[in-house]
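Bear in mind that the values in this text are calculations on the coordinates, not laboratory data. What you are looking at is a predicted structure, and each value in this text was computed from that prediction instead of being measured.
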Amino acid sequence: MIGKFESNKDLIQELTSQGAKHVGNIATIITGTVAEVTKEIGDWVTDVIEMREAAAAAQRDRQAAHGVNAGREEPDVLIDDPAPSARVSADEPYIDADVEITDPER
């Protein structure tokens, strides 16, 4: 039979060991969370920088196109892409057509 002193020692040892494991688990959770939050903030800042650079490039393009298009009825340089007009179907990825050349003098 073990004495009271040894029993208390075992209890304190077990509580300390379990407490350390729980504190370690909590620290791991906090460390992982901080790392994930830091990564998300970094990604967000990168997106903001890329958007600012794209906006500046678009402004430079507009300024360059304005100089070329000045005084023209039809713009030589399109600032915005025209709307697509062709309808493409995944069922028919190619056009099967015959070309006929007609002579208007015949």
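Of note:
- The lysines whose alpha-carbon is closer than 18 Å to the alpha-carbon of LYS39, local same-chain residues fewer than 8 away aside, do not include any residue.
- Stretchable slack from GLU50 to THR102, in nm (0.36 nm times residue separation minus alpha-carbon distance): 13.3 nm
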